[in-house]
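Here's the structure we're looking at; comments come further down.
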Amino acid sequence: MAIIALKPSLASFFAGSGATPRLLQPPSSSSSPRLLTRASSSSSSSSASSSSSPSSSSSSEQSASAPVGRRQFATLTSLSLAASLAARPAARADDDGLSEWERVYLPIDPGVVLLDIAFVPDDSSHGFLLGTRQTILETKDGGSTWVPRSIASAEDEDFNYRFNSISFKGKEGWIVGKPAILLYTSDAGETWDRIPLSSQLPGDIVYIKATGEKSAEMVTDQGAIYITSNKGYNWRAAVQETVSATLNRTVSSGISGASYYTGTFNTVNRSPEGNYVAVSSRGNFYLTWEPGQPFWQPHNRAVARRIQNMGWRADGGLWLLARGGGLYLSKGTGIREDFEEVSVQSRGFGILDVGYRSLEEAWAAGGSGILLRTNNGGKTWIREKAADNIAANLYSVKFINDKKGFVLGNDGVLLRYLG
């Protein structure tokens, strides 16, 4: 008989002792919901004040004699790159031969991988771009040009943050990253505050969604979903346990590869209605969650090859990308397990993401500059051969609205939609 090691609930991840700040308070004997309680910010504040960057009033003698730290060097490098790009066209569509997209050249190191982008809803010209190596860029002209943005509260520790996700609702915005970091703004990104998080947070924060006034949803790669409605002072767990705990206590679930699962999410995507679909780290099954469900629901993959990514179509159905370039669409809308393959010209390179511009038009991007378009909701796809000249992997397709879209890639590659 197999012995199943039960995983602790999400509450136990944050159960501290003594005076140690606890992000999550264990449930009492009553039926009150579990809350993620914001940790004390005293240590963070003192750290920020003690490690702030030197002011511009420092003497030239001090500047000449003092060694340049890594943060200062990175800032100086970014400013130098920004200055060198000032005289260079921000986008040169003719050079790259992109009929509906233009490449935007960025003042960052070539090795940076771009991860997310968002614009302030009340000002479509004002946006932020995130990436690896502590990358935060800001635009105030709709994305034609970008400049490095320094956020003091994210530089108070000797970490090289990977900023994973950003989201705005009105003038309120949120940024999350790895190692665990949470930033909040209430003035459209003019200033950002650091919100302390517990070091025992289960998994890395991979996604955040601004949902309303002082409200947001936060997701980790172990399946924890937290909700706040008071600017991050308290967080409530929306699921009762991590995905590994759910799968390991339900060995008879019939999900291939789910037994004794100890992995993490490879990707996670949220629908406008608040439903989630996530792909396991090995791609051998996927999971879904709808608001109100206590646990993630695992699903066998309906395709032979392992899953690369999954997301939501504009009509509410699912799309599925298999490793090796396969593209599948669910038969119908909502959460489904039946998919049919669509023929695409991927040249054997993997397709990594799909983004819908409208109900009928969508774009898919992938390895080695693969860029595909559909004008009939995904039934047929045409390859944009001009994008083959881009020597980069294109990881993410983001449409802010039907007139503003971007493709994010590695090596600092950013494409802007022209229409």
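Distant-in-sequence amide contacts of residue 414, defined by a placed amide H-H separation under 5 Å and a gap of 5 or more residues or a different chain, comprise 104.
Across segment 174-314, the fraction of Cα-Cα pairs farther apart than 18 Å, rounded to a whole number, is 56%. Between the amide H of residue 136 and those of 149, distances stay under 5 Å, these residues lying 5 or more places away or on another chain, with hydrogens modeled in the peptide plane.
Dividing the alpha-carbon radius of gyration of segment 321-419 by the rule-of-thumb value 2.2 N^0.38 Å gives 1.03. Taking each of 214/379; 178/379; 171/403 in turn, the alpha-carbon distance tops 32 angstrom for 214/379; 178/379. Per-residue extension of 0.36 nm, minus the Cα-Cα distance of residue 375 and residue 293, leaves a gain of 26.0 nm for this segment. Note on segment 142-228: Kirkwood radius taken over Cα pairs, Stokes-Einstein applied at 10 °C and 1.306 mPa s, translational D equal to 117 µm² s⁻¹.
Just so you know, all these numbers are worked out from the coordinates, no wet-lab data involved. Just so it is clear, the model here is predicted, and its values are computed rather than measured.
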